[in-house]
1. Pull up all non-local amide H partners of Val25: gap of 5 or more, or a different chain, and H-to-H distance under 5 Å with H placed in the peptide plane.
2. Check which residues have an amide H placed less than 5 Å from Leu132's amide H, if you skip close sequence neighbours.
3. Defining a contact as two alpha carbons under 8 Å apart and six or more residues distant in sequence, what relative contact order in percent does the stretch 316-434 show?
4. Sum up the charges of everything whose Cβ sits under 13 Å from the Cβ of Ser126, counting Lys and Arg as +1 and Asp and Glu as -1, but leave Ser126 out.
5. Out of all DSSP beta bridges with both ends in the chain, state the antiparallel percent to the nearest 5.
6. Which of the residue pairs Lys508/Lys684; Lys677/Lys706; Lys677/Lys711; Lys673/Lys708; Lys6/Lys706; Lys324/Lys437 have a Cα-Cα distance greater than 23 Å in the structure shown?
7. Sort Asp600, Asp713, Asp505 so that the residue with the fewest other Cβ atoms within 10 Å of its own Cβ comes first and the one with the most comes last.
8. For a quick protection proxy, order the peptides 150-158, 508-516 by their average other-Cβ count within 10 Å, most packed first.
Amino acid sequence: MSFKWKQYLHMEPVRGWMNDPNGLVFHNGLYHVYFQYTPGNATGEGLRSWGHFVSPDLLKWRFVGEFIKPDHISDSTGAFSGSAVSYKDKIYYFYTGNVEHEGFDLVLEGREANQIFVTSDDGTCSSDKTVLLTNSDYPDYCSCHVRDPKVSFADGIWRMVLGARTKDDEGMALVYEGPDPCNFRFKEAITCPGMGYMWECPDLVDLGGRSYLLACVQGMEAEEYKYQNQNSSGYFRLVGNKASSYEELDFGFDFYAPQTFAAPDGRRIIIGWMGQGTTEYTNPTIEMGRQHCLSIPREIETDAEGFILQNPIREIDSLRCSLKAIEGESWHRLPLDIVCRADTKEGYISISGVKISFDGDVLKMEFADQTEGFGRTYRKIKTGIVKDIRIIADRSSLEVFINSGRYVLSTRFYPAFPEVRIETSGLEVDAYRLMNKDTLVAIGEALIDFIPDRSGVSFEEVGSFSPRTGGAPANVCGAFSVLGGSSRILTGLGADPFGRLITDDLIKAGVDTSAIEYTDKANTALAFVTLGRNGEREFSFYRKPSADMLYGAENIRREFFDDCWALHFCSVSLGDFPMRDAHRVAIALARKEGALISFDPNLRFMLWDDLDKLKAAVACFIPEADILKISDEELEFITGTSDLDEALGVLFTGNVKLVIYTMGSKGCYAIDKDGNKIYVPSVKTQAVDTTGAGDGFIGSLLYYLKSKGIKRDDLEYISEDILEEALVFASRFSSISIRTEGAIQSYPTMEQINKEFTT
Ligand code: FRU
């Protein structure tokens, strides 16, 4: 699977076809976005179902899977577009069940347009389907193109608006009302003669004391500055059932079928499909098995004259990092938030091969470089004098907001990934990188731990060993991701079956494996383990050398740290081989990106022929760390004393701000620079296998700090409560993990932890 041009901010499924956003709703603390989905192919052939994304914050989106499927006689040729309402404890969904019969024109005959109702408690499992309206419920003058129910509930009335095409090819919207979500009666048709043959995806919206009908008007004749897409999306002003003054919402190449919903704070948010039904242009991602994405969520409001303004949701501002003023020509990495002020009547900004230029009251978006447009040419609009331009540039899209969002142009573009040349003239330009700094990057070994079939026996007595993915840095990533965080492992694996096994396991745990380097110069590292009676271990390593040791500085790329919140490493990989240099480069890059550095020496004596070298390596890397984890068994070797207070003098050197001191079943401490100690006892459990317990401890502790929004510079001021909670959380996590064998396989999810520990 290729991630070239994969969007960073935008909802985009990794495989399959996507069109309209559906069922936008905020329910029980989460945003749900469904969409028209054909998982099986990227070209959209086949039946539509509803795919599903969720987000806690409108910024990070998680693909959940398919929701409504076309598996009923009333939606047998597609679960088409629709909407959702959060009402009391449930979500109510309304969508069009499309049924096409063969041998008909499918406009006047042969198509059933069934409006269907389902409910869900949590947005993932749906109830049985209830058909609310069928063809006989639409006015006589309608064709069988009636679809896309947008439902709202206010003042005790359920209102549904449907897009329709009449038998005479006039587009309109039909309004139905009812006392409950299962009984709708026709109320009226909203019309505006002369505006297209079909209105898709209608949406009734009140903004700033005025009423609007959003709709996608099909079949408008192209004009020099308007209707340059065969299917446009826009809004009418609404008085009673009379619609007028249609304005396009987006003048770019790729925007259609938007839908709005209310955020819990009252903002009205719009999300559109970054695509178009019929185009001469294409998208190269088809070859990678996927096509299309959704627009970024935009806030809508109106200006004094009642025009709708669209602007990127304000949450985006929290992703802004490293501000750069741009003059003339320079290179920048995507995604970017580009803010421009115009101080002349004429100017331009070009981002890679796309030029946005204005002259007087005309603004043009033009693909100067055809290799990036895949058939896209230019769009021209009348904007009046251009005062400001804001561009959200993701890895394969540009969304251009002009004059406080009064005019918008959205397009896909496919630059040579991911650094773009920006050139400007006549504009004052500030550009921000947009990044969610939430990823734990770990560097070092990923290997196979061979777990014995019996514990409490020596190597000679073990009958057989079973392979389990391990390696401390890989385990730490595993813990972080199993809990729901985002992590990336930097390591080398052999181009061999064990390398594949590790990769598969890490992917299953949710770890990003794209930075792994596969080599045929060495095999994947192996470690055979025996388990003592209480779960303590002895190792035998196969690593002379192994693939991870050959991962060098040249394998480290700057973009591994774009989204880095923390970098974690251990000592096994600090021997005299290329991996040690890779650590140096990684630490420097992570530090430059503002990331927190975490070091768990995790000593493995048998891997060193000279223990002084180990001691020196650890001493050399401790000052690089902001957080240092050390166990009671390691204290004396590393510091030369077994007295903790004395040892602290040695440990707090360089950047070290926090020491996490673990004592197995005797509990753990968090200690700050001033020697303040917070102690938390361990959770009593019968240990079966402690492999990966320490890694799980630090991985879950880091996850907890991350979830509290702690960044590197906060470490010095971190509250005692948070430290204590973090230790408690990590102790609980490890206590569950040592009850079953293996490392990553034994790590509990957040749900399991919550289930077991209710407080
Ligand atoms: C708009 C649209 C809707 C329909 C859906 C089918 O793009 O044609 O009218 O419900 O797509 O996928």
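Read-outs throughout are calculated quantities, based only on the coordinates presented, and are distinct from any laboratory measurement. Because the structure is a prediction, the values reported are computed rather than measured. Backbone-built Cβ (ideal geometry, glycine too); neighbour counts: all protein chains shown.
1. His32
2. For Leu132, the qualifying residues are Gln115, Ile116, Phe117.
3. 43
4. Surrounding charge for Ser126 is -3.
5. The antiparallel fraction comes to roughly 85 percent.
6. In this structure, Lys508/Lys684; Lys6/Lys706 lie more than 23 Å apart at Cα.
7. On the way: Asp600 28, Asp713 11, Asp505 23.
Result, fewest neighbours first: Asp713, Asp505, Asp600.
8. Output ranking for 150-158, 508-516: 508-516, 150-158.
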